[in-house]
Amino acid sequence: MRPFAIRRFHEKWKAPRVTPTPEYPPFLGHTLDDFEEETTTKPPVNIKKKDKIWEMTILLPGFKKEEIEVTVQDDILTIRAEHKISDVAESSNYVLKEYEYDVVERKFQLKKGIGHEKIDAKYENGVLTLSFYDVPTNEEEWFKKVPIQ
C-alpha cells in the first residue's frame with residue numbers, strides 16, 4: 001500500500017491536441033500548442049464571439065496580476081504566467097516535493113484582421129479575460145505588450 005496517492009494537478013491542464021478545422025474559432029489560424037512538447041503545462045481556454053468582439057478566458061489560479069504577461073508579436077498571441085513558490089521551511093525533510101517554480105504558457109496564431117492594438121485584458125479571481133476587437137490591418141503593429149487591468 002502506498003502512503004500517498006499522487007495526482008498531478010497540472011495533468012488535467014494538458015489541452016487536447018487541436019488541428020485547424022472549420023469548427024475551430026475563425027479568429028485563430030491555429031494554436032501553437034501543437035508544436036510544443038506534451039509535458040508543457042497549458043492553462044485551459046474558452047473562446048466566444050459577440051458581434052465584432054472576440055472574448056478569450058484563460059484559467060490562471062494562484063498567479064498574481066504582475067506575474068502574467070500577454071504579448072502579440074508577428075501575429076502570435078502569447079499568454080505566459082510564472083512564479084516561484086517560496087519555501088517556508090528550507091530544512092524540512094520532504095518525502096515528496098514536486099513544485100517550487102510554476103510556469104504556464106499558451107500561444108495562438110492570430111488571423112489578419114484581429115486588431116492587436118485593440119486587445120483589452122482583465123484579471124480577476126484567477127481568470128484572465130482578453131477581448132479582441134476587429135480593426136483595419138494597417139493600424140496593427142508588429143509587437144504589443146497588453147496591459148492587464
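The values are calculated or read from the model by the stated rules, or taken from the named source; none is laboratory data. Just so it is clear, the structure is predicted and the values come from calculations on it, not from any experiment. So basically every Cβ, Gly included, is an ideal-geometry build from the backbone, and we count neighbours across all protein chains shown.
Some values worked out for this structure:
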quantity	calculated
Search result, residues across the stretch 45-84 that are within 14 Å of the chain's Cα centre (by Cα), touching a residue at least 60 places away in the same chain (Cβ under 8 Å) and over 15 Å from PRO147 (Cβ atoms)	VAL45, GLU55, MET56, THR57, ILE58, LEU59, LEU60, PRO61, GLY62, PHE63
Every residue from the stretch 49-58 that is modelled with pLDDT of 90 or more and in contact with a Phe, Trp or Tyr (Cβ under 8 Å, 6 or more places away or on another chain)	GLU55, MET56
Condition broken by VAL88, with the remaining ones in (1) under 24 Å from ILE47 (Cβ atoms); (2) at pLDDT below 70 satisfied	(1)
Filter pass, GLU105 being surrounded by 12 or more Cβ atoms within 10 Å (Cβ to Cβ) and at pLDDT 75 or above	yes
The stretch 109-130 residues that are more than 12 Å from TRP54 (Cα to Cα) and modelled with pLDDT under 95, paired with ones that are among the β-branched types (Val, Ile, Thr) and assigned to a loop (DSSP other than H, G, I, E, B) (beta carbon under 7 Å, 6 or more apart)	GLU117/VAL135
